[in-house]
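To start, the structure itself, in structure tokens.
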Amino acid sequence: MHTPGIYEIIWLIRLRKQRSEGQVREMGSQACTVTGIVLSAVPAGDYDKLIVLLTRERGKIRAFARGSRRMNSPLLAASNVFAFGEFQIYEGRTAYSVAQASIRNYFSELMTDFDASCYGQYFLEFADFYTGENVDGTDYLRLLYQSLRALSVPSLPRKLVRYIYELKAMVYSGECPQTYEQFESWKLDPSTMYALQYVTASPVEKLYTFTLAPQVLEEFGKAVGWLRERYVKRHFKSLEILETCL
């Protein structure tokens, strides 16, 4: 379950204050449709949710799904984490509001598989950290979507999916080097070095098309972990849960 962070709590406090002062408009005059996935969702008031969407068109946005906690709400399932599809949104003074949604994939299989859900939650938190507002979110959205799908492929070790996802996200961020001379002293297996280079250079559609021998997978994971600690420098609560429970 997602626990509200300090910034989300501050956001909600400010919004409630503005509502009490009558300064918030319910909806903007014009709606737009975005393609995206729900990264997080927290209760807001008695019946609403504040959700964070990673969208292709506008990057990461916060939006209120009003009434979505009511059992008969058409936004009940669409406002849950992992929901991917089209969202019709209105821009208000302080936040967007979701008017309706057409969900293509709920990733319901992740919700019934504890291990896959742990990996998926980590992927969402990682994407939340790396993406920003009012930017093109196409690359990260495609990477996240394909990575969540890969978690349900029996032939793919989930550790491999995780390492590929982390590495490609770091490449997209521009922080990770495109070459790996720093690993020359590690005396890596040539297959490990090839995997690093392949993930770096390949399009998202080609990422999850290979597997690695156990020894190579272990080396690959250590290399990606070293890069993550060096370039990301962020504590992920979901990663702590993932590494503790699995």
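Of the residues Glu181, Glu229, which is among the acidic types (Asp, Glu) and either buried (at least 19 other Cβ atoms within 10 Å of the Cβ) or more than 21 Å from Phe126 (Cβ to Cβ) (or both)? Spell out the reasoning first.
On the way: Glu229 fails: either buried (at least 19 other Cβ atoms within 10 Å of the Cβ) or more than 21 Å from Phe126 (Cβ to Cβ) (or both).
Every option except Glu181 fails the conditions.
Looking only at segment 65-81, which residues are hydrophobic (A, V, I, L, M, F, W, C) and either outside any loop (DSSP other than H, G, I, E, B) or free of Cβ contacts under 8 Å to residues at least 24 places away in the same chain (or both)?
Just the residues of segment 65-81 that are hydrophobic (A, V, I, L, M, F, W, C), to begin with: 65, 71, 75-78, 81.
Within segment 65-81, Ala65, Met71, Leu76 meet the criteria.
If I filter segment 97-115 down to residues being buried (at least 19 other Cβ atoms within 10 Å of the Cβ) and in contact with a Leu (Cβ under 8 Å, 6 or more places away or on another chain), which single residue comes out as nearest to Leu239 (Cα to Cα)?
By that ranking, first place goes to Leu110.
Taking segment 199-241 only, how many residues are hydrophobic (A, V, I, L, M, F, W, C), free of Cβ contacts under 8 Å to residues at least 24 places away in the same chain and assigned to a loop (DSSP other than H, G, I, E, B)?
Our first condition is that a residue be hydrophobic (A, V, I, L, M, F, W, C); within segment 199-241, this holds for 199, 201, 204, 207, 210, 212-213, 216-217, 220, 223-224, 226-227, 232, 236, 239, 241.
Now restrict to residues that are free of Cβ contacts under 8 Å to residues at least 24 places away in the same chain: 201, 210, 213, 226.
Add one more test, that the residue is assigned to a loop (DSSP other than H, G, I, E, B), and what stays is 210, 213.
Residues meeting the conditions: 2.
Of (1) closer than 25 Å to Asp115 by Cα; (2) touching a residue at least 60 places away in the same chain (Cβ under 8 Å); (3) not in a helix (DSSP H, G or I), Ser147 satisfies all except one. Which?
Condition not satisfied by Ser147: (3).
Could you list all residues from segment 128-143 that are surrounded by 20 or more Cβ atoms within 10 Å (Cβ to Cβ) and either in contact with an Asp or Glu (Cβ under 9 Å, 6 or more places away or on another chain) or under 20 Å from Gly221 (Cβ atoms) (or both)? Even if it seems obvious, please write down each step before you answer.
Residues of segment 128-143 surrounded by 20 or more Cβ atoms within 10 Å (Cβ to Cβ): 131, 137, 140-141, 143.
Those that are surrounded by 20 or more Cβ atoms within 10 Å (Cβ to Cβ) and either in contact with an Asp or Glu (Cβ under 9 Å, 6 or more places away or on another chain) or under 20 Å from Gly221 (Cβ atoms) (or both): Gly137, Leu143.
Checking Val98 against (1) in a loop (DSSP other than H, G, I, E, B); (2) touching a Lys or Arg at 6+ places or on another chain (Cβ under 8 Å), which test does it fail?
For Val98, the exception is condition (1).
Identify the residue in segment 190-233 that is of a type in the set (S, T, N, Q) and within 22 Å of the chain's Cα centre (by Cα) and, among all such residues, is farthest from Ser173 (Cα to Cα). Spell out the reasoning first.
Initial filter on segment 190-233 (of a type in the set (S, T, N, Q)): 191-192, 197, 200, 202, 209, 211, 215.
Then keep just the ones that are within 22 Å of the chain's Cα centre (by Cα); that gives 200, 202, 209.
On the way: Thr200: 12, Ser202: 15, Thr209: 23 Å.
It comes out as Thr209.
We did not get these values from a lab; they are worked out from the coordinates using the rules stated. Predicted model only: the values in this text are computed from it and were never measured. Neighbour counts are summed over all protein chains in view; Cβ atoms, including those assigned to glycine, are modelled from backbone coordinates with ideal geometry.
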